[in-house]
Amino acid sequence: VFMTALVFAQPAVTIYDIQYTDDPSGDSPYAGMRVITGGIVTAVDYGGVTRYFIGEGAGGSWRGLYIRDIADREIDIGDSVRLEGEVRERSGQTRLQNLSFSDYVVVSEVREIPTYAITTGALGDDVGEPFEGVLIELSSVIVTATGTTWEVDDGTGTCQVGTGFDYNYEPVVGDS
């Protein structure tokens, strides 16, 4: 009898399942494993055309994920996607990479982007694991510092804004 061993991805898991961890390192419990997951595209062209973020419809902590792709799949913000890839940790960031070309599907065009309203004080100087990859909404902020990252404050404390996307906006201290 001839047998072939096949390696399959884990059953579909949520972004929350991939991101949530109580490990002090911040590493995903799925690090190094292949998974099938999905979400709504919340941002595209992060540091290059093949890098983007997806989020769960409800938004909130532990519900965003960075996707490092090697193919331009012509996705748009608001597309609902299902994909298979390997969960990796790099530079303190959980990401999905080494995507399977056979299991990448744009399910639909949702156009309702999951965001999460929060204060700058709740985020603090370091967004940390719960909001990694999550599209958040800040209101009534003032730019308090600029540089390679910049800081904003809504009156509850400062938080850092990272760069990675091309913006038409150049922050200036005091801008609101």
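The values are calculated or read from the model by the stated rules, or taken from the named source; none is laboratory data. Please read these numbers as outputs of a predicted model, since none were measured by experiment. Using ideal geometry, Cβ is built from the backbone for each residue, glycine included, and neighbour counts are taken over all protein chains shown. Ligands, DNA and RNA are excluded from the accessible area calculation, which covers all protein heavy atoms including side chains. Shrake-Rupley method; radii C 1.70, N 1.55, O 1.52, S 1.80 Å.
Let's see how each residue does on (1) farther than 17 Å from V134 by Cβ; (2) hydroxyl-bearing (S, T, Y); (3) open to solvent by 30 Å² or more (accessible area, probe 1.4 Å):
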site	(1), (2), (3)
I15	no, no, no
Q19	no, no, no
S25	yes, yes, yes
R34	yes, no, yes
A43	no, no, no
G55	no, no, no
W62	no, no, yes
A71	yes, no, no
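Restricting attention to segment 156-176, the residues that are hydroxyl-bearing (S, T, Y) and modelled with pLDDT under 85 total 3. Restricting attention to segment 83-96, does a residue exist that is modelled with pLDDT of 90 or more and more than 29 Å from S25 (Cα to Cα)? No.
Of all the residues in segment 25-55, those that are at pLDDT 90 or above and in a loop (DSSP other than H, G, I, E, B) number 7. Would you call I136 surrounded by 13 or more Cβ atoms within 10 Å (Cβ to Cβ), more than 23 Å from I70 (Cα to Cα) and at pLDDT below 95? So I136 passes the test. Here segment 140-155 is the region considered, the condition is being at pLDDT below 95 and assigned to a loop (DSSP other than H, G, I, E, B), and the residue that is surrounded by the fewest Cβ atoms within 10 Å (Cβ to Cβ) is T148.
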